Amino acid sequence: LLQLYQPLNFLGVVYRELRQSLTDLENIQGLLSLRPEIEDVPGARPLVVRGGTVRFENVHFAYDERRPILKGVSFEIPAGHKVAVVGPSGSGKSTLVRLLFRFYEVTGGSITIDGQDVRAVTQLSLRRAIGVVPQDTVLFNDTVAVNIAYGRPGASREEIEAAARTAQIHDFIASLPEGYDTRVGERGLKLSGGEKQRVAIARVMLKNPPVLVLDEATSALDTRTEQALQEALERVAAGRTTLVIAHRLSTVIDADEIVVLEDGRVVERGTHAQLLARHGLYAEMWRRQQEVREEAEPGGMVPA
Ligand code: ATP
């Protein structure tokens, strides 16, 4: 039996290694979204960010021309303001972000930053100007310090620590036996969803972009983690033009404007209070979310 087991065990190791390499590759591809078919237009200039006003103007888009996804979406995020996009699953929220990064091109209308069409500027300058706190942060198989420094390669240990403090993850890192030299990722220490998001926030602090996209995680976090995360998100968003893609509604209450997307169209917009008073789709989504929270944490704090 042992003779049979050993080769099988060896195959298992090979299989795991192979799978791991594939996962790393996928992660890196997902991160950089390598889409070589999108190239800079001849004579593309670097994006010049003044305040960082982002404008979606009558945006149309389809991944497959037979199935339109965005059907004339318009809204503006004035420089330094925070706009949240909410809407049912599949309504096109994440697609808006992919278009802002120009991972895909709009099929109609335009997206501009300080008046410059994202199709007319160099992709490098566009991606430098926008920071993302993604739903699921990819960690490299390296130390915590290196993972944070990904936001700005060459950052000093002091800068990395300062970013981690703002992101409210410093104390956690300091409590690890090897501190900032602890290895994380698939082959190292596994971080929770909330911890990974805080690493992403620290990366953004180092990158210091004028425009920020917060892609809120779908999975619910416990109330304490959520509160710590909210504080960190508020700090990183301060003073930046911020687009929040909200899969839950916890980060949208304080947004300057909430845009409600349904089936690729803007169906409502306003502040949290205005939208509740409308008793429309947003109010319904809010009510349903409160019910879920009440069930999960009876008698718990409910944000008002
Ligand atoms: P969720 O809240 O569930 O994340 P969403 O509002 O962000 O949803 P999108 O991810 O923007 O929705 O997707 C909008 C629609 O586009 C969906 O119907 C989805 O199936 C489709 N879609 C998304 N990505 C692709 C793709 N790469 N190719 C084809 N269709 C896609």
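The values are calculated or read from the model by the stated rules, or taken from the named source; none is laboratory data. This is a predicted model, so every value here is computed, not measured. Cβ atoms come from the backbone with ideal geometry, glycine included; neighbour counts cover every protein chain shown. The area values use the complete protein model at the heavy-atom level, side chains included, leaving out ligands, DNA and RNA. Shrake-Rupley method; radii C 1.70, N 1.55, O 1.52, S 1.80 Å.
Does ARG119 satisfy the criteria of being modelled with pLDDT of 95 or more, away from the ligand (no atom under 16 Å from the Cβ) and open to solvent by 40 Å² or more (accessible area, probe 1.4 Å)?
Against the criterion (modelled with pLDDT of 95 or more, away from the ligand (no atom under 16 Å from the Cβ) and open to solvent by 40 Å² or more (accessible area, probe 1.4 Å)), ARG119 qualifies.
Take ASP222 and tell me if it is closer than 22 Å to ARG287 by Cα and free of Cβ contacts under 8 Å to residues at least 12 places away in the same chain.
yes
Answer with yes or no whether ILE173 is open to solvent by less than 10 Å² (accessible area, probe 1.4 Å), part of a helix (DSSP H, G or I) and touching a residue at least 60 places away in the same chain (Cβ under 8 Å).
Criteria not met by ILE173.
Out of (1) open to solvent by less than 40 Å² (accessible area, probe 1.4 Å); (2) within 21 Å of GLY188 (Cβ to Cβ), what's the single condition that is false for SER110?
Failing condition for SER110: (2).
Which of the residues belonging to segment 76-93 are open to solvent by less than 30 Å² (accessible area, probe 1.4 Å) and within 16 Å of the ligand (Cβ to nearest atom)?
Result: VAL83, ALA84, VAL85, VAL86, GLY87, SER91, GLY92, LYS93.
Please go through segment 252-284 and pick out each residue that is touching a residue at least 60 places away in the same chain (Cβ under 8 Å) and over 20 Å from VAL73 (Cβ atoms).
Selection gives ASP254 alone.
Of the conditions (1) touching a residue at least 60 places away in the same chain (Cβ under 8 Å); (2) away from the ligand (no atom under 15 Å from the Cβ), LYS71 satisfies every one except a single condition; which number is it?
(2)
Condition check: within 16 Å of the ligand (Cβ to nearest atom), surrounded by fewer than 18 Cβ atoms within 10 Å (Cβ to Cβ) and more than 28 Å from GLY43 (Cα to Cα). Does ASP136 satisfy that?
Answer is yes for this residue.
Tell me, which helices (runs of 4 or more DSSP H) lie completely within segment 176-281 with 3 or more residues that are surrounded by 17 or more Cβ atoms within 10 Å (Cβ to Cβ)?
Hits in segment 176-281: 193-207, 223-237.
Going through segment 227-275 one residue at a time, which ones are farther than 24 Å from HIS60 by Cβ and within 16 Å of the ligand (Cβ to nearest atom)?
Selection gives ARG248, LEU249, SER250, THR251, VAL252.
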